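Worksheet for the structure shown next.
The values are calculated or read from the model by the stated rules, or taken from the named source; none is laboratory data. Treat the numbers as computed from the prediction; the structure is a model and nothing was measured. Positions of Cβ are generated from backbone atoms using ideal geometry, with glycine treated the same way; all protein chains shown enter the neighbour counts. For accessibility, only protein heavy atoms count, side chains too; no ligands or nucleic acids. Shrake-Rupley method; radii C 1.70, N 1.55, O 1.52, S 1.80 Å.
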Amino acid sequence: MSPHQWARDLAMGARFAVTGGREGWVRMTLTAVGVGLGVALLLLCTAVPNVVASRSKVDDARYSDVYSQTTPPKADNTLLITGADTTWHDDDIRGRLVEPEGRRAPLPPGVDSFPGKGEMVVSPALKDLLDSSGAKLLRERLPYKITGTIGQSGLIGSHELAYYAGTSGLKPTDFSLVARLTEFGKPNTAPEKTDPVLLLMVLVVFVVLLTPVAVFIAAAVRFGGERRDRRLAALRLVGSDRSMTRRIAAGEALAGALLGLAVGTGFFLLGRRKLGSGELLGMSVWPSYLDPAPALAALVAVAVPVAAVLVTLLAMRGVVVEPLGVVRSAKQRRRRLWWRLVPPLASLAILYPMVGQGRKNGTFNQYLVIGGVLMLLIGITALLPWVVETIVVRLGKGALSWQLAMRRLQLSSGTAARMVNGIAVAVAGAIALQTLFTGTQSQYTKSTGQDPGRVQMQVQFSGPKPQSGIEREFAGTKGVRAAVALARSEYGDSRLDPDTNSQLTVGNCAALRELAALPSCEDGDVFIKRTRSGYSDPRNTAEIALMKPGRQLYIDPSYDGEERGLEVPWTVPANIRQVNERKDALQNYDSLLVTPAALPHKAAPAVFLDGVYLRLDPSVPDSREYARNVAARIDPLAQTFSWSETKENAKYASIRTGLLVGSAFVLALIGASMLVSQLEQLRERRKLLSALVAVGTRRRTLSLSVLWQTALPVGLGLVLATTVGVTLGAVLLKMTRTPVAMDWASVLTMTGVGAAVVAAVTLLSVPPLLRMMRPEGLRTE
């Protein structure tokens, strides 16, 4: 067969597609929309590498080593900078206080000029937030005059909340919160070693999200198949052979795929603009970040038309187009099972060598992972038609609507399975990923030892603060039920270079009771705390031995080669008592507990406020914001932390967020594509529905029959998807050397989400169904 003849037949098929009258254009439109939705999502996926690279580039460009171990000398090109991050409800706000020390001080990325003292430049999103009516407390916390906005080059996303505020009086020291910079930018460092399990998650996420898209595109190019086959019979009548007929059919599909590429590009450009001005799950980007990688975009542009031709040629092998009609309505040969089991069994064989590898045996072979997961998911598309055919051939008895539905499924079970394939693949992948994430969650989620029921917030200040005044300040704040302030100092057994030294905690009786079980307490008392392990801790034993009543110790001793301390003498009082540490102590690194009156007045400058622990009133909606405002008023550099029982690995959390974002797009594609497919199926049966109504069939009966035609394949598809998803999830857990434990609640949730999408599509297809069930539909041109 010459290439010229192939090209001629394909071009003829494309011409038939665009010159087939109203029916042809409707079919082309449905195909283009179905393919276009898939192409748009594929193009979005090709932009993911650029999104990650662009966000990292911006983050590196504005990097400032606040915790620098070296401080350059003051010069005309230096800048003092410190972090002033804060939180508004659940949104993080990136803040920096800056003080240029010369005319050539480096400007932060996206900033045209330094803000003066009491001024700030903000991101557009933060400006909108501050201008809103509900941000009064935030405006009180950021009492700076807005003099400009941060440009795109200084923000990782269009909705990022960030600001640079001008200040004065910053003093850099080694290991300080204040750094002196000569330039912005992250230094070149050795790349961080990637966790093999996290890399496995990324690979599986991409395969799971993209496979349903490919399945939907393959189904979309076959829209209008029955009517197309009847048209091809006319071509056989005028002399075309079977091979030519198949190539003409492929040409029609090719035209729809090419139009789908154009429509998908339009969808993508529209979505690119919308995504650049929106936010999803706390993540935002700029439109320029969503530029597809050229090589990947070219691959999509070639793969979609080629796939359309191959899928059509493969589908035509099961249809005999003769001059007098299409041999499709005759009794079909039963589908064979043996070859449909090959993909899932082969995938398990591919993945088996990596079982038990875990994270200690290097990275997983990415080609085997992608190939194994892909084959198992594609195996669903091979198995589902056989499952549907095997079940429906045994059904038929029941109500009239049920009989109509079963007869239709018995005649075209493949068409019904094609419509459900995408949702089945998506649900199976979602169950496998949910199983993997749930099984490995404990490895990336660590207990903090904090009790949020006891303390909700903790405040840490950047420098020395008066302990009693701070505690009163917070205790009188709206929404704060109680405030516990703890301070620290150092003591030793000699003025200079003590042989034994340690830390002591200073607090009132209420505060010390949060650390140890005190039998009684008055201001002036001193306690030595026993650790929970008794005297097994050598350091604790040494401290207890040192605390002999009448012994001379020194608060803030000096050390050779360092700045001299206060060296305040302090005598261990006679009323010192040993107490037991609380199991739920707020902190447990100091053994000596001292009330303020027990220390000499001269030692006050050596006592530094360690932190304030707040118990909030849950009935006050903005209690956290009131507390943050007080902390910012006392110290603009104060840091506030919300207590939580666990802390999650940042990379693990970002992968899960990416999965949720991707799943949202895939679910939207599933819903839209299934709706288009459903409308196409109804359009093909329009005359049949009209004829049944004309002879007296009730609309309720026909509506129920359409519902059964959707519900049964969907139910079978979800059962198959659950089986495959659980199997794949168990294999992935075995690969990561994680005990296999199924979270059946999550499995049922994923299955329910898939069913909900189908239910929504079915409801949306009811109005067009009712319009088609009219006798007028029998008219023809």
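Here are some notes:
- Fraction of beta bridges assigned by DSSP in the chain that are antiparallel (%, nearest 5): 75
- Within the accessible surface of the chain, defined with a 1.4 Å probe on protein heavy atoms only, the carbon and sulfur portion equals 58 percent.
- Reference-scaled alpha-carbon Rg (2.2 N^0.38 Å with N residues) for region 340-474: 1.93
- Cα-based Kirkwood hydrodynamic radius, region 393-532, one decimal, Å: 22.9
- Tilt relative to the chain, helix 400-411 - C-alpha long axis, 0 to 90 degrees, to 10: 80
- Region 649-781 - Kirkwood radius from inverse mean 1/r over Cα pairs (Å): 17.8
- Helix 744-772 axis, angle to the chain major axis (alpha carbon atoms, nearest 10°): 40
- Long-range Cα-Cα pairs in region 565-666 (distance over 21 Å), rounded percent: 66
- Taking label positions 7 Å along the Cα-Cβ direction at both residue 128 and residue 585, the computed distance is 5.0 nm, reported to one decimal.
- Amide H contacts under 5 Å for residue 611: 486, restricted to partners 5 or more places along the chain or on a different chain, H placed in the peptide plane at 1.01 Å from N.
- Extension gain, residue 366 to residue 314: 0.36 nm times the residue separation minus the Cα-Cα distance gives 15.8 nm.
- Cysteines, the chain, no other Cys beta-carbon under 4.7 Å: 45
- Heavy-atom accessible area, probed at 1.4 angstrom with all protein chains present, ranks 687, 193 as 193, 687, highest first.
- Between residue 494 and residue 523, the C-beta separation translates, for a Förster distance of 25 Å, into a calculated FRET efficiency of about 0.30.
- Environment charge of residue 46, counting only residues whose C-beta is closer than 13 Å and scoring Lys/Arg +1, Asp/Glu -1: 0
- Additional length obtainable on full extension of the chain from residue 541 to residue 577, 0.36 nm per residue less Cα span: 11.5 nm
- Fraction of C-alpha pairs exceeding 18 angstrom in region 539-603: 49 percent, rounded to a whole number.
- Stokes-Einstein D (µm²/s) once Rh is taken as the Kirkwood radius of region 440-521 over alpha-carbon pairs, at 25 °C in 0.890 mPa s: 154
- Within region 623-781: Cβ-based charge dipole about Cα centre, in debye rounded to nearest 20 (Lys, Arg +1; Asp, Glu -1): 440
- Shape analysis of region 494-653 based on the Cα gyration tensor places the equivalent ellipsoid semi-axes at 31, 20, 18 Å, largest first.
- For residue 526, distant residues with modelled amide H under 5 Å away: 577
- Solvent-accessible surface of the chain, taken per residue with a 1.4 Å probe and all protein chains present: 48 Å².
- Residue ranking by accessible heavy-atom surface, 1.4 Å probe, largest first, among 529, 651, 117 comes out as 117, 651, 529.
- Farthest positive-ward along the chain dipole, Cα basis, beta-carbon charges - from 304, 221, 159: 221
- Averaging 1/r over every pair of different alpha carbons in the chain and inverting the result gives a Kirkwood radius of 31.8 Å.
- Highest to lowest packing among 584-590, 546-552, scored as the average C-beta count within 10 Å: 584-590, 546-552
- In the chain, Cα pairs under 8 Å separated by at least six residues give a relative contact order of 17 percent.
- Largest-first principal axis extents of the Cα set of region 37-173 (Å): 57, 38, 25
- If you take all other residues with their beta carbon under 11 Å from the beta carbon of residue 105, and give Lys and Arg +1 and Asp and Glu -1, the sum is 0.
- Among 398, 491, 456 - extreme Cα towards positive end, dipole of region 393-508, charges at beta-carbon: 398
- Proportion of all alpha-carbon pairs of region 441-487 beyond 15 Å (%): 57
- Restriction of the GluC sites (Glu not before Pro) in region 644-737 to DSSP coil positions whose beta-carbon has at most 16 other beta-carbons within 10 angstrom yields 645.
- Between the helical axis of 366-392 and the longest alpha-carbon principal axis of the chain there is an angle of about 50 degrees.
- Our coupling estimate for region 244-253, obtained by passing each phi through the Karplus curve with A = 6.51, B = -1.76, C = 1.60 and θ = phi - 60°, is 5, 4, 5, 5, 5, 4, 5, x, 4, 5 Hz, Gly and Pro reported as x.
- Distance between modelled label sites at residue 741 and residue 393, nm, 7 Å Cα→Cβ extension: 4.4
- Label point 7 Å beyond Cα of residue 90 along Cβ direction - residues of region 272-314 with amide nitrogen under 16 Å: 279-284
- Gain in span if fully extended, residue 75 to residue 661, counting 0.36 nm per residue against the direct Cα distance: 206.3 nm
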